[in-house]
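This report concerns only the one structure given below.
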Amino acid sequence: MKNTAKKWIALALVLVLALGMFFIWRNNQPAAQEGSKEVTLEVVDSKGETKTYSVKTDAEYLSQLMDEVQKSGDFSYEGSVGDYGLFIETVNGETADYSVDQSYWAIYVNGDMGQYGADTQPVEDGGVYRLAYEK
Amino acid sequence: MTEQGRVLRQITYTAAMTAIMEAAKFSLNSIANVELITLLVIVFTRRFGWKMTLAASLLFAVLECMWWGIATWSAVYFYIWPLLILFTVLVPSSQDPLVYSILAGAFGLLFGAFCSLFTLVTAGWNAAVAWWIAGIPYDLVHGVSNFVICLLLFKPLQKALSYIHA
């Protein structure tokens, strides 16, 4: 087989791989629940103190919920968008910096470590979403 | 050239390659999933061979750990660039940038899958698959950006390096 043909076949395979990955991702998207939901947002700071926010929301994703609660004035957060989505850096004025002391803000969903970033974590009715300062 | 001179030159080149990789990493840090390291590793492997590039990639990983701290991705950096060096060696040598753009694109697409191998070891199959799937949009951006960057910069970079005696 000529080298030119091999190159185009390889390119076609890479495109098929990209399309396949896209469909795998799309078919595995957790369905976000729309409509009015009652959820709990918890913040556990570095001292282990917990602040709880009970919210009625239409937010589809955790970052939207956090934006809504932030507007209420008693909660604040800052973050940056990195390679794997929204990375939470500061919550209620407390900054976690992994490069300084290996601290970070972890996301827990109903008590379990979250599998998604804040901007891809769906919000479900009755869900408890915890932002915990961890080292 | 004496053996001592040859070794000295290799050490110098390895240090320069590491510095270039580190500078390239910093220069594009603000743009998520767009990086020059893949291109550099491919071009360095072709020009200087796998041994010197492997040494440079490991030094680069050490520097990244020193700068950003030890995290889960640290272990990944120690095997993912050597993996790319291996793929580059296995690809039949060519002057056509398209060949290496395909390699760079495929590597970008599979970057998350390779990274999830570490998750597979530390947290099991389910966590690794969930982690990989959640990162697929970023892998797609990574694959496309790698392909375009390599297509545009492979030839100029290779020409610049051709002036250096390997």
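Throughout, read-outs are computed from the coordinates displayed, never taken from laboratory work. Since the model is a prediction, treat every value here as computed from it, not as a measurement. Don't worry about glycine lacking a Cβ; one is built from the backbone with ideal geometry, like all the others, and counts go over all protein chains shown.
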**Request:** With the Cα gyration tensor of chain A in hand, convert its eigenvalues to equivalent ellipsoid semi-axes via √(5λ) and list them largest first in whole Å.
**Result:** 37, 20, 11
**Item:** Exposure proxy order (Cβ contacts within 10 Å, fewest to most) of A:L62, A:L13, B:L110
**Value:** A:L13, B:L110, A:L62
**Message:** Distance cut-off 25 Å, Cα to Cα: go down the list B:K51/B:K155; B:K25/B:K51; A:K135/B:K25; B:K25/B:K155; A:K37/A:K71 and report the pairs above it.
**Reply:** A:K135/B:K25
**Request:** Quick one: give the max-minus-min coordinate of the C-alpha atoms of chain B along each principal axis, largest first, in Å.
**Result:** 55, 33, 30
**Item:** Intensity falloff of the stretch B:106-166 expressed as log10 I(q)/I(0), Debye formula with alpha-carbon point scatterers, at q = 0.23, 0.26 Å⁻¹
**Value:** -0.83, -0.95
**Request:** Take every Cα-Cα pair in the stretch B:62-140 and report what % of them are more than 17 Å apart.
**Result:** 55
**Asked** What are the radius of gyration and Dmax of the stretch A:1-76, computed over its Cα atoms and given in Å?
**Response** 22.7, 67
**Request:** Rounded to whole Å and ordered largest first, report the semi-axes of the equivalent ellipsoid of the protein assembly as shown derived from its Cα gyration tensor (root of 5λ).
**Result:** 42, 23, 15
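Which order results if B:V43, A:V55, A:V16 are arranged by neighbouring Cβ count within 10 Å, fewest first?
A:V16, A:V55, B:V43
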**Message:** Nearest 500 deg cm²/dmol is fine: what mean residue ellipticity at 222 nm does chain A get from its DSSP H runs of n ≥ 4 alone, each adding -39,500 (n - 2.57), divided by its residue count?
**Reply:** -9000 deg cm²/dmol
**Fill in**
Neighbour-count ranking for B:R9, A:R130 (other C-beta within 10 angstrom, fewest to most) reads B:R9, A:R130
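Treating only the Cβ of Lys, Arg, Asp and Glu as charged (+1, +1, -1, -1), what charge dipole size does the protein assembly as shown show about its Cα centre? Round to the nearest 20 debye. If you can, show how the numbers build up before the last one.
On the way: 19 positive and 27 negative charges, 447 e Å.
Dipole of the protein assembly as shown, to the nearest 20 debye: 2140 debye.
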**Request:** Taking the Cβ of B:I37 as the centre, find all other residues whose Cβ is under 11 Å away and add up their charges (Lys, Arg: +1; Asp, Glu: -1).
**Result:** -2
**Complete:** Over all pairs of different Cα atoms in the stretch A:66-109, the reciprocal of the mean inverse distance gives a Kirkwood radius in Å of 11.3
**Prompt:** Taking the alpha-carbon centroid of each part, what is the distance from the stretch B:113-166 to the stretch B:1-43 in angstrom?
**Reply:** 17
